[in-house]
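Chemist: Quick one: the structure is below, and I'll ask about it shortly.
The values are calculated or read from the model by the stated rules, or taken from the named source; none is laboratory data. Small disclaimer: the values here were computed from a predicted structure and weren't measured. All Cβ positions, glycine included, derive from the backbone under ideal geometry; neighbour counts span all protein chains shown.
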Amino acid sequence: MKRSEKHLNTLDCWTDAGLYSEPFEEIATREIQRVARPVRIVVKDGARRVARPSAPMSEREASPDPSVQRKDLHSVAAVSPALHPETLGDSGFKRLLNLKYAYVVGAMANGITSVEMVEAAGRAGMVGFFGAAGLPLDEIERAAHQLKQRMDGLPYGFNLIHSPNDPALELETVRLYLSQGIERVSASAYMDLTVPLVYYRIKGIHRDRSGSVICPNTVIGKISREEVARKFFSPAPQKIISQLLESNLITREEAALSSEVPVAQVLTAEADSGGHTDNRPALTLLPTLMATRDQLAEKHGFKMPLFVGLGGGIATPDAAAAAFSMGAAYILTGSVNQACMESGTSDAVRRMLAEAGQADIAMAPAADMFEMGVKVQVLKRGTMFPLRAAKLYDLYSRYNAFESIPENQRNILEKEFFHRSFEAQWSQTRLFFEKRDPSQIQRAQSDPKHKMALVFRSYLGQASNWANAGVPSRQLDYQIWCGPAMGAFNAWTKDTFLENPQNRKTVLVAMNLLLGAATITRAAVLKHQGIPLPPGADRFTPKTMTEIEVLLRHND
């Protein structure tokens, strides 16, 4: 008898001793959640049973046990392999950033993604990006020093935001990052490539001894438009390279090597997120950007792999599982992290976020791109900021000077918005721009519409600071960047320990999302093999870190 025939009757078969005694309905959910080991469903006497996590007879024995009769063997009807959260996502992306988990804590401006949050993510094998946008350079530099001292080689990065109204600030931020050895940036709100962004990417590029091109600085772009993604996944335009050469910011060798690498090796498909967003649906955006990646990688013949992750709307295990199932190299979270204890915001904001529903959001004019009509997604529950911000943009669009606005409307702005006269508000605004960009003051003195815009922008910018500081008298003016993901997270955590804002920690939330994604994926694998699951077996409720550690063990 041939060996294959000899072992045919025991191939992946189980005896009664290899099955759990508990009924399928009682044990299936637990075993599906124990994601570090396979789950096998066995049919015995027409009933489904769960096999113990040991080898089948074909692996345990060199030959069939003579005492085991064919009638005592039970074949496996379905298998869901082990799926540890560490295996989710693209392994190449994790190697690039030296990560354990394909999980990115996105950069939320004004230090909301704080030093403490970035450190917590890095120590857990994830990566966080400090929310540098909107902060003065001295605060960014202080955060850079703190993270360099604390991280000791662990992965972290900083935000680099497009500043069309202040390109000098963008360049100075890049200079700071280069001087501090910041090797990863999350480039956000870019509508086109800029000189500072390309400067950051190209500076220090060189060949190693084997001739491979080494780019020391990694750009992770947050992109919601295909045409912008094409620019990021292509070499830097020669026009910008020439400008950098003429300014003596890069060497001729760096200029020459720039044609062999994309501006960004990694892009986050930014769907319906908080803050700057185009409200893109993830189901259409991610596949489109992955196809764009493949097209451009082939066109340019890049030697390095390109990666696309997904952010925006990810705050539940189901959303995380969907992202990985669609092929996302990683997932990026934002709104949900703002509700965590390490975030650089106030307890008042955390409480407001914990009460938010998916419909409790609105679009409002952005402070940094006010004149361009760009909007950000914010919380509307408990604050009048979206309405007031929209009112400011409407008045700016209709009138060429503050004095041209009807008197009754001016009175409302001064009393309810600014809490002072327009001129007093201008004096405060002027002090800000004397330090940041004096040219704006000169322009305002000759252009009353621009003066009005600067004053309106000052209200919008302060609204975020009032929220982060938790100023009680300004709660109606709080600007809280938030997407519908926050409401989904609150619905998922309702009546659990994570419903309380005090229990929300960045890594705990992340591990629940990752373990939940693995659980839901494993349940789907069984369902696709025709196995009906008991109610709740394809769901995942929040777990404490102790419970998570138990579920991640390979053995009982």
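Chemist: Inspect all residues belonging to the range 168-183 and state whether any of them is of a type in the set (Asp, Glu), under 23 Å from residue 246 (Cα atoms) and in the same structural domain as residue 100 (by TED's automatic domain parsing).
Modeler: yes
Chemist: Condition first: crowded, with 20+ Cβ neighbours inside 10 Å and among the basic types (Lys, Arg). Now tell me which residues in the range 351-376 satisfy that.
Modeler: If the condition is that a residue be crowded, with 20+ Cβ neighbours inside 10 Å and among the basic types (Lys, Arg), then 375 is the only one that fits.
Chemist: Select from the range 320-344 the residues that are out of contact with any Phe, Trp or Tyr (no Cβ under 7 Å at 6 or more places or on another chain), surrounded by 24 or more Cβ atoms within 10 Å (Cβ to Cβ) and among the aliphatic types (A, V, I, L, M) and write down the one among them that is farthest from residue 383 (Cα to Cα).
Modeler: Among them, the one singled out is 328.
Chemist: Specify the residue that is surrounded by the fewest Cβ atoms within 10 Å (Cβ to Cβ); the eligible residues are those in the range 284-298 that are of a type outside the set (Val, Ile, Thr) and in contact (Cβ under 8 Å) with a residue 24 or more places away in the chain.
Modeler: The residue in question is 287.
Chemist: Right, here's the next one. Examine the range 78-98 for a residue that is farther than 30 Å from residue 219 by Cα, at pLDDT 85 or above and among the basic types (Lys, Arg), and state whether such a residue exists.
Modeler: Within the range 78-98, none of the residues are farther than 30 Å from residue 219 by Cα, at pLDDT 85 or above and among the basic types (Lys, Arg).
Chemist: Give the residues of the range 339-361 that are part of a loop (DSSP other than H, G, I, E, B) and either of a type in the set (Val, Ile, Thr) or in contact with a Leu (Cβ under 8 Å, 6 or more places away or on another chain) (or both), sorted by residue number. Steps first, answer last, please.
Modeler: Step one: of the range 339-361, the residues part of a loop (DSSP other than H, G, I, E, B) are 339-346, 355-360.
Selection gives 339, 345, 356, 360.
Chemist: Could you tell me how many of the residues in the range 374-411 are of a type outside the set (Ser, Thr, Tyr) and more than 23 Å from residue 334 (Cα to Cα)?
Modeler: 19
Chemist: Could you grab me the full set of residues in the range 78-109 that are of a type outside the set (Lys, Arg), surrounded by fewer than 21 Cβ atoms within 10 Å (Cβ to Cβ) and not in a helix (DSSP H, G or I)?
Modeler: Correct list: 78, 79, 81, 82, 84, 90, 98.
Chemist: Let me ask another. Do you know which of the residues in the range 62-77 that are of a type in the set (A, V, I, L, M) and part of a loop (DSSP other than H, G, I, E, B) is modelled with the lowest pLDDT? Talk me through it step by step, then tell me what you get.
Modeler: So in the range 62-77, the residues of a type in the set (A, V, I, L, M) come out as 62, 68, 73, 76-77.
From the residues that got through so far, the ones that are part of a loop (DSSP other than H, G, I, E, B) too are 62, 68, 73.
On the way: 62: 40, 68: 50, 73: 72.
Filtering first and then ranking leaves 62.
Chemist: Same structure, new question: Which condition number does residue 396 fail, the rest of (1) touching an Asp or Glu at 6+ places or on another chain (Cβ under 6 Å); (2) crowded, with 19+ Cβ neighbours inside 10 Å; (3) more than 28 Å from residue 113 (Cα to Cα) being met?
Modeler: (1)
Chemist: Just one of the numbered conditions (1) surrounded by fewer than 18 Cβ atoms within 10 Å (Cβ to Cβ); (2) within 20 Å of residue 327 (Cβ to Cβ); (3) at pLDDT 95 or above is not true of residue 281; which one?
Modeler: So the condition that residue 281 fails would be (3).
Chemist: One residue is enough: does the range 439-459 have a residue meeting the conditions among the aromatic types (Phe, Trp, Tyr), crowded, with 19+ Cβ neighbours inside 10 Å, under 21 Å from residue 380 (Cα atoms) and within 35 Å of the chain's Cα centre (by Cα)? First the steps, then the outcome.
Modeler: To start, the set of residues in the range 439-459 that are among the aromatic types (Phe, Trp, Tyr) comprises 456, 459.
With the extra rule that they be crowded, with 19+ Cβ neighbours inside 10 Å, the set shrinks to 456, 459.
Going one step further and asking which of them are under 21 Å from residue 380 (Cα atoms), we end up with 456, 459.
Retained after the next criterion (residues that are within 35 Å of the chain's Cα centre (by Cα)): 456, 459.
Within the range 439-459, one or more residues are among the aromatic types (Phe, Trp, Tyr), crowded, with 19+ Cβ neighbours inside 10 Å, under 21 Å from residue 380 (Cα atoms) and within 35 Å of the chain's Cα centre (by Cα).
Chemist: Only helices (runs of 4 or more DSSP H) wholly contained in the range 222-279 count here; list those with 3 or more residues that are over 21 Å from the mean Cα position of the chain (by Cα).
Modeler: Details: elements: 226-232, 238-246, 252-257.
So the answer is 238-246, 252-257.
Chemist: So, one more: So in the range 163-198, with the set limited to residues that are free of Cβ contacts under 8 Å to residues at least 60 places away in the same chain and farther than 25 Å from residue 146 by Cβ, which one is surrounded by the fewest Cβ atoms within 10 Å (Cβ to Cβ)? Before the answer, list the steps.
Modeler: Looking only at the range 163-198, we keep the residues that are free of Cβ contacts under 8 Å to residues at least 60 places away in the same chain, and these are 167, 170-183, 185, 190-192, 194-196.
Pick out the ones that are also farther than 25 Å from residue 146 by Cβ and you get 167, 190-192, 194-195.
Working: 167: 14, 190: 23, 191: 14, 192: 11, 194: 20, 195: 19.
Across the range 163-198, the extreme among qualifying residues is 192.
Chemist: Identify the single condition in (1) surrounded by 19 or more Cβ atoms within 10 Å (Cβ to Cβ); (2) more than 30 Å from residue 234 (Cβ to Cβ); (3) more than 20 Å from the chain's Cα centre (by Cα) that residue 347 does not satisfy, given that it satisfies every other one.
Modeler: Here residue 347 meets the rest and fails (1).
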